[in-house]
Amino acid sequence: MSEASGERRLFILLACPAIVLTGFGAILPIVWIIRQSFFDKAGELTIANYGRLLTSDLTWSAFGTTLSLSVMTLAICTILGIPLSLALASVSRKTAGRLMILLLLPLWTSILVRTYGWVVLLRRDGLINSFFVATGLSDQPVPLVYNFTGALIGMVHYMLPLFVLPVYAAMRDIDGNIVRAAASLGASFWKCVRTVILPLSTGGVISGATVVFVYTLGFFITPAVLGGGKVNPISIRIERTLSTFQDWGEASALGLLLLILVMLIGAMLVSVRRLLRLGVRNA
Amino acid sequence: MSLKALPISVNGLKKGYGTFLALDDVSISIRPGEFLTLLGPSGSGKTTLLMAMAGFVRPDKGSIEIGGRDITRLPPNKRDIGIVFQNYALFPHMSVLANVAYPLRLRNVPRKQAIAQAEAALARVKLEGFGDRSISALSGGQRQRVALARAVVFEPRIMLMDEPLSALDKNLREQMQFEIRRLHDDLGITTIYVTHDQREALTMSDRIAVMDRGRIQQLDEPQKIYNRPLNRFVAHFLGEANILASNAISGLPSGFPATSDAMIRAESFDIQHDGKPHVTIKGSLVAKAFRGENWLIQVDIGEGQHLLASLPADRSAQCQELVVGQNVILYASPSQIHAIASERPQ
């Protein structure tokens, strides 16, 4: 017993640097932001920051933009990522490993480089529009960048590998005999995907969805560059509030509202996971 | 739930993985309603053959027919074959009842009827009232029963079982052997059973196909496989076989082929004789061991040949007195000696 508790003490000791780091690096700044959001520019204690934000259409439209970017990114990642994960999980581990390198390669490039890369591809005289016009798919260039579409394309490109990783891992974990059993019992490929593979990989899909939300709710560079000033999620509003108005109080309040949104969505995903676990069993 | 038993015919099946031949021209014809076991060591091709019947392995050559219908190219989900897997392969996200009703739901059986049929199948494997439980709440033996119920509930054309008992402990395994056999006899369904456990094969089967290196070495009833093996591999794979040069044995019947070796099972020996006709083998004791229901003794009979004899417990007194190095004489009835082709250079 003494040995076990000695071991535990050692583990706690080893965890200390990380605890201190998160304390200073994450919790203290949040406490600071909370404090700051209750002061106005003159340094007076007030709740006016929140009052102004919550009654402003700009705030609500920024929230709308943030949410719709995140939800659309997740929707497209799901539509593209689940078949991709299925394909990766059904080939041999060796082939899957090689394909995975291709999938993860973009993550090794700087996000700024990649974002400007998309500008080159998507702009009016870019590669994609030249192709559309040359093949007659469209008689004039399609507006693909400096708008919502552009921001969305960039964000999906960034998030897809991060979404696929946990989904693929969950699918890879499914025992091959379970899939074979479903087939032997009469399930077609799609039936098997719907009744066995997807239900058994919901954990991975929810993890993927969590990653997508955590990243995209605070995304800045991609909407800033590819949105061309027309797409203004909360992250961009915070930056403007600071750079244009130097209003630390209002920026902090916005940041806190965003944090609350992230927490709400996180709680929602956790309860969805719990519900699915209960619901699927009784199906 | 009485099913029409169908014959299965496997014709010249070949399957290679690179340079490795998993199935080397395998043909079997399995009778309607038969319980046939594929017995062999790992890598012998038994599981490959089973998976080819199930449709998960595509043979390079040859064909498989069930009830006269060629199913070689049919996808697994259209074959109507009940399979019980080694690790049960139950759906962990479904209740016991949902697992068993799954094949019925796929066949669009109305919900009420599906539940009734699934419950009947659960009753058949003695799991009445377990329908609402989750798979994780079941013991290994109970999971195996659920897997059995799920495999028979949709009245499959044939049943395939891939080492279904290997994950269970010994007592439960022996009990389940009888239960699976009883289930087979109740349903009358043609069943192919894969195992590497010779005792399981002997206990359960109508016939056993012993496989090695992608080929069927012998296909026969359990007693014939055990007493009249066609070759050394079969002789050694089942039970404890001694294969001796015929000149080491005195008193062999005159009809014994001179160029053959003699196979004698360890339990066919005795260290005394009751006056009936017998052969004798002389040697010196190398080792002895008490094993509960019997004694094992190892005897050096010269020319580098050792034999193993299993003596019944009522020879305990004599066995206890044996000393390593002393001369012993072993007796066996001529009827217990089986000629087997010699592989020694003549």
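The values are calculated or read from the model by the stated rules, or taken from the named source; none is laboratory data. Please read these numbers as outputs of a predicted model, since none were measured by experiment. Here the Cβ is made from the backbone with ideal geometry for all residues, glycine too, and neighbour counts use every protein chain on show. These accessible areas exclude ligands, DNA and RNA; they are computed on the full protein's heavy atoms, side chains included. Shrake-Rupley method; radii C 1.70, N 1.55, O 1.52, S 1.80 Å.
Quick notes on this one:
- Filter pass, B:L6 being part of a loop (DSSP other than H, G, I, E, B), in contact (Cβ under 8 Å) with a residue 60 or more places away in the chain, within 14 Å of another protein chain (Cβ to nearest Cβ) and among the aliphatic types (A, V, I, L, M): no
- Pairing residues of the range B:63-86 that are free of Cβ contacts under 8 Å to residues at least 60 places away in the same chain and more than 13 Å from chain A (Cβ to nearest Cβ) with residues that are surrounded by 15 or more Cβ atoms within 10 Å (Cβ to Cβ) and in a helix (DSSP H, G or I), at Cβ distances under 6 Å and at least 6 apart in sequence or on separate chains, gives B:I64/B:M53.
- Any chance A:A134 is within 14 Å of another protein chain (Cβ to nearest Cβ) and not charged (D, E, K, R): no
- Some residue of the range A:150-160 being in contact (Cβ under 8 Å) with a residue 12 or more places away in the chain, assigned to a helix (DSSP H, G or I), within 14 Å of chain B (Cβ to nearest Cβ) and open to solvent by less than 20 Å² (accessible area, probe 1.4 Å): no
- Residues of the range B:323-345 satisfying the condition of being touching a residue at least 40 places away in the same chain (Cβ under 8 Å) and not in a strand (DSSP E or B): B:G325, B:Q326, B:S333, B:P334, B:Q336, B:I337, B:A341, B:S342, B:E343, B:R344
Rundown of residues vs (1) under 22 Å from the mean Cα position of the chain (by Cα); (2) open to solvent by less than 30 Å² (accessible area, probe 1.4 Å), yes/no style:
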residue	(1), (2)
B:E34	yes, yes
B:P41	yes, no
B:T47	yes, no
B:I71	no, yes
B:S95	no, yes
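- Looking across the range B:87-104, the residues that are modelled with pLDDT of 95 or more and more than 7 Å from chain A (Cβ to nearest Cβ) come down to B:L90, B:V96, B:L97, B:N99, B:V100, B:A101, B:L104.
- The set of residues in the range A:187-197 that are at the interface with chain B (Cβ under 7 Å from one of its Cβ atoms), open to solvent by 20 Å² or more (accessible area, probe 1.4 Å) and either outside any helix (DSSP H, G or I) or hydrophobic (A, V, I, L, M, F, W, C) (or both) contains only A:S188.
- Qualifying residues in the range B:49-62 (those that are facing another protein chain (nearest Cβ under 10 Å) and not in a loop (DSSP other than H, G, I, E, B)) - the one most open to solvent (accessible area, probe 1.4 Å): B:M51
- Residues satisfying the stated conditions in the range B:97-125, i.e. closer than 22 Å to A:F189 by Cβ and open to solvent by 20 Å² or more (accessible area, probe 1.4 Å): B:R105, B:L106, B:R107, B:N108, B:V109
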